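Reading through the structure tokens given below for one structure.
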Amino acid sequence: MVEFGTSFGISTIHLAAAVTDNGTGHVVTTELSSRKTAAARQNLEEAGLAGVVTILEGDALETLAHLTEPVGFALLDGWKELYLPVLRLLQQRLIPGALVVADDSSFESAADYLAYVRDPANGFVSVELPVEDGIEVSSWTGQ
């Protein structure tokens, strides 16, 4: 699992709990703010889930560029205008059937991302969940 936008680690805790419950996997998450990274590490420690999470501190376009593991799930919850560049970094690592969930997809700054994942020529099947600020769930077809 990959998460773009750790913040204080709340969603990271949920992802780590899922990995732990499944008995396999690892969460790689990235955060630009050192203050938030420190808080997320503490929250993960307190939740007893730090062992299944790697936090990469810094610019996601740099930290995720070195990712080599296959990705079965990605949560995009950072700066919306970076959703598409982050997805393009991850796309070569996505396994067929991988899910990509983009939070706050109704924001205008996510428009390029939405156009990309909603175009079948780019290899995704995508659906919008009509919640408060929107969530886009996309599945990578592998093509």
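Miscellaneous remarks
- In this Cβ point-charge picture (+1 for Lys and Arg, -1 for Asp and Glu), the chain has a dipole of about 360 debye about its Cα centre.
- Which of LYS36, LYS80 has the fewest Cβ neighbours within 10 Å, and the rest in rising order: LYS36, LYS80
- Sequence of ARG35, ARG93 once ranked by neighbouring C-beta atoms within 10 Å, starting from the fewest: ARG35, ARG93
- For the stretch 72-143, the share of DSSP beta bridges that are antiparallel, to the nearest 5, is 75%.
- Residue with peak Gaussian network fluctuation, the chain [Cα springs, cutoff 10 Å], from GLU69, GLU132, GLU31: GLU132
- Relative contact order %, the chain, counting alpha carbon pairs below 8 Å whose residues are six or more apart: 21 percent
- The stretch 1-69 - convex hull of the alpha-carbon atoms, volume per residue in Å³: 65 Å³
- For the chain, the alpha-carbon radius of gyration amounts to 1.00 times the rule-of-thumb value 2.2 N^0.38 Å expected for a compact globular protein.
- Neighbour-count order for VAL27, VAL71, VAL137, fewest beta carbons within 10 angstrom listed first: VAL137, VAL71, VAL27
- Between SER105, SER126, SER33, the residue with the greatest mean-square fluctuation in the GNM of the chain (Cα pairs under 10 Å linked by springs) is SER33.
- In the chain, the DSSP beta bridges split such that about 40 percent are antiparallel, to the nearest 5.
- THR24 paired with ALA65, simple spin-label distance in nm, labels 7 Å along Cα-to-beta-carbon: 3.2 nm
- Using the Cβ-Cβ distance between GLU132 and LEU99 with R0 set to 22 Å, the FRET efficiency works out to roughly 0.60.
Only the coordinates and a few stated rules stand behind these numbers; no lab work does. Given the structure is predicted, the values throughout are model-derived calculations rather than measurements. Glycine also receives a Cβ, built like all others from the backbone with ideal geometry; neighbour counts cover every protein chain displayed.
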